[in-house]
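Asker: Pasting in a structure now, in structure tokens, and then I'll have a few things to ask.
The values are calculated or read from the model by the stated rules, or taken from the named source; none is laboratory data. Since this is a predicted model, take the numbers as computed values, not measurements. Backbone-built Cβ (ideal geometry, glycine too); neighbour counts: all protein chains shown. These accessible areas exclude ligands, DNA and RNA; they are computed on the full protein's heavy atoms, side chains included. Shrake-Rupley method; radii C 1.70, N 1.55, O 1.52, S 1.80 Å.
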Amino acid sequence: MKTKAVLIDRDGTIIVEPPGERLIDIEHAILEPAVLEAFKIFDELGMSIIIITNQAALGDGTINLDKFHELNNAVLEKLKPSGATVLRTYLCPHSPDDGCDCRKPKPQMLLDAAKDFDLELSETFMIGDRLSDIEAGINAGTRTILVKTGLHDVESPEATYTAKDMLEAANYIKSLV
């Protein structure tokens with residue numbers, strides 16, 4: 001049986017976009033409003049969460065892998081009251097100039113998640129606040145939701161749906177199942 005999951009960007013989507021667009025201090029691990037409510041809906045729908053995140057702060061040496069895990073674990077801890085299951089965090093540790101295969105908008109992290117968790121990508125949503133999130137979803141064959149929560153005013157006519165926040169995104173998905 002295929003796993004039901006939602007692929008979600010972290011910074012600017014799950015958490016408020018940190019200063020400098022990089023989470024390097026634990027006090028900036030602040031959930032976006034209504035994220036817990038949205039994750040409760042995903043849990044009620046039997047959908048797990050997979051986080052898909054570019055982390056240029058690793059690529060340029062601003063933080064190391066241990067610091068990333070400390071910060072990411074703080075985010076995961078804040079998500080626990082929702083009851084939703086976060087299966088894994090996939091990260092691209094490269095800077096934008098590294099030319100790697102994993103940095104969104106390339107679909108490698110999504111394809112890896114699909115393989116690891118037996119996802120049917122055409123029935124899966126990628127949710128994020130940037131064009132690179134939407135493009136990664138399109139490139140992997142998912143449906144996409146652009147949330148208007150990040151620092152950048154992004155438009156994407158290619159997105160399956162545009163939502164003001166995660167709660168609206170979750171309610172949209174709920175309306176389809």
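Asker: Do any residues in the stretch 139-152 that are over 14 Å from ALA38 (Cβ atoms) have Cβ atoms under 9 Å from those of residues that are of a type in the set (Phe, Trp, Tyr) and in a strand (DSSP E or B), where the two are at least six apart or on different chains, and which pairs are they?
Answerer: Here the result reads THR142/PHE125; ARG143/PHE125; ARG143/TYR161; THR144/PHE125; THR144/TYR161; LEU146/TYR161, each pair linking the stretch 139-152 to a residue that is of a type in the set (Phe, Trp, Tyr) and in a strand (DSSP E or B).
Asker: Hey, can you tell me all the residues within the stretch 14-26 that are under 23 Å from LEU167 (Cα atoms) and open to solvent by 60 Å² or more (accessible area, probe 1.4 Å)?
Answerer: Initial filter on the stretch 14-26 (under 23 Å from LEU167 (Cα atoms)): 14-18, 21, 23.
Within the stretch 14-26, GLU21 is the sole residue that qualifies.
Asker: Within the bounds of the stretch 119-140, is there any residue that is open to solvent by less than 60 Å² (accessible area, probe 1.4 Å), aromatic (Phe, Trp, Tyr) and over 14 Å from ILE8 (Cα atoms)?
Answerer: no
Asker: Go through the residues of the stretch 59-74 one by one and say whether even a single one is in contact with a Cys (Cβ under 6 Å, 6 or more places away or on another chain) and assigned to a loop (DSSP other than H, G, I, E, B).
Answerer: So far as the stretch 59-74 goes, no, none of its residues is in contact with a Cys (Cβ under 6 Å, 6 or more places away or on another chain) and assigned to a loop (DSSP other than H, G, I, E, B).
Asker: I'd like the residue in the stretch 141-174 that is closer than 16 Å to VAL16 by Cα, aliphatic (A, V, I, L, M) and part of a loop (DSSP other than H, G, I, E, B) and, out of all such residues, is most open to solvent (accessible area, probe 1.4 Å).
Answerer: Looking at residues that are closer than 16 Å to VAL16 by Cα, aliphatic (A, V, I, L, M) and part of a loop (DSSP other than H, G, I, E, B), I get LEU151.
Asker: A further question on this structure: Quick check on the stretch 45-77: of everything there that is more than 15 Å from LEU23 (Cα to Cα) and free of Cβ contacts under 8 Å to residues at least 60 places away in the same chain, which residue is least open to solvent (accessible area, probe 1.4 Å)?
Answerer: Per the stated criteria, the residue is ILE49.
Asker: Among the listed residues ALA163, ALA74, which satisfies the condition of being within 16 Å of PHE42 (Cβ to Cβ) and not hydroxyl-bearing (Ser, Thr, Tyr)?
Answerer: Of the residues listed, the single one that is within 16 Å of PHE42 (Cβ to Cβ) and not hydroxyl-bearing (Ser, Thr, Tyr) is ALA163.
Asker: Which condition from (1) modelled with pLDDT under 95; (2) open to solvent by 10 Å² or more (accessible area, probe 1.4 Å) is the one that ALA29 breaks?
Answerer: (2)
Asker: Tell me whether the stretch 93-108 contains one or more residues that are crowded, with 18+ Cβ neighbours inside 10 Å and part of a strand (DSSP E or B).
Answerer: No, the stretch 93-108 has no match at all.
Asker: Considering only residues that are part of a helix (DSSP H, G or I) and touching a Gly at 6+ places or on another chain (Cβ under 8 Å), look in the stretch 111-135 and name the one that is farthest from SER175 (Cα to Cα).
Answerer: Going through the qualifying residues, I end up with ILE134.
Asker: So which residues in the stretch 8-43 are in a helix (DSSP H, G or I), free of Cβ contacts under 8 Å to residues at least 60 places away in the same chain and either out of contact with any helix residue (DSSP H, G or I) (no Cβ under 6 Å at 6 or more places or on another chain) or within 16 Å of CYS92 (Cβ to Cβ) (or both), if there are any at all?
Answerer: Those that are in a helix (DSSP H, G or I), free of Cβ contacts under 8 Å to residues at least 60 places away in the same chain and either out of contact with any helix residue (DSSP H, G or I) (no Cβ under 6 Å at 6 or more places or on another chain) or within 16 Å of CYS92 (Cβ to Cβ) (or both): PRO19, GLY20, GLU27, HIS28, ASP43.
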